[in-house]
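Okay, structure first, notes after.
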Amino acid sequence: MTPEAFSTLAGRLGAAVKVKPVLDTIQFRVGARGFATLGWPEKGRAVVKLSLKDQAAALALSDAVRIDQSRPRNSGLTLIWLERIDEDAMAYILTAAFSEAYAKTARSRPGRGRAATLGVG
């Protein structure tokens with residue numbers, strides 16, 4: 001998978017996805033929460049934030065997926081080697097990461113409505 005294909009997949013997850021360049025990386029956010037970063041820790045790689053359940057499923061999908069050992073255990077941060085992962089597996093992983101961030105964003109700002117919570121509309 002190319003970085004461009006990764007960006008396309010992440011951008012197609014919904015209108016709430018915001019793209020934010022940070023130094024030499026591109027961060028994908030929903031509300032105030034990042035769910036994926038392209039180009040970190042180096043070019044050709046990405047990191048996504050998953051629930052532990054989704055992380056276990058992602059690890060079973062591909063040998064291109066690893067737990068980020070630089071973070072505390074059970075953080076859900078997951079490293080992906082883009083050249084070694086297929087598009088279907090990456091789509092599953094990005095959808096899971098987006099869903100987790102979306103749910104946390106909505107819970108952290110109750111009573112404000114979906115559009116206000118996610119910064120759309």
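Odds and ends about this structure:
- Under a 5 Å amide H cut-off, with hydrogens placed 1.01 Å from N, L50 pairs with L77, T78 among residues at least 5 apart or on other chains.
- Dipole magnitude of the chain, debye to nearest 20 (Cβ charges: Lys/Arg +1, Asp/Glu -1, about Cα centre): 800
- Geometric extent, Cα atoms of the range 3-107 - Rg, Dmax (angstrom): 12.3, 35
- Counted residue by residue at 0.36 nm each, then reduced by the alpha carbon distance between them, the extension gain from D86 to S51 reaches 10.5 nm.
- Computed over the chain with a Gaussian network model linking Cα atoms closer than 10 Å, the most mobile of L50, L79, L61 is L61.
- Between 0 and 90°, nearest 10: helix 52-61 axis offset from the chain longest Cα axis: 40
- Straight-line reach from K20: taking Cα to Cα under 17 Å and skipping same-chain neighbours fewer than 8 places apart, the lysines in range are K43, K49.
Readers should treat all values here as calculations from the given coordinates under stated rules, not as data from a laboratory. On a predicted model such as this, the values are computed, not experimentally measured, just so you know. Methodologically, a virtual Cβ is constructed for each residue, glycine included, from the backbone with ideal geometry; neighbour enumeration extends over all protein chains shown.
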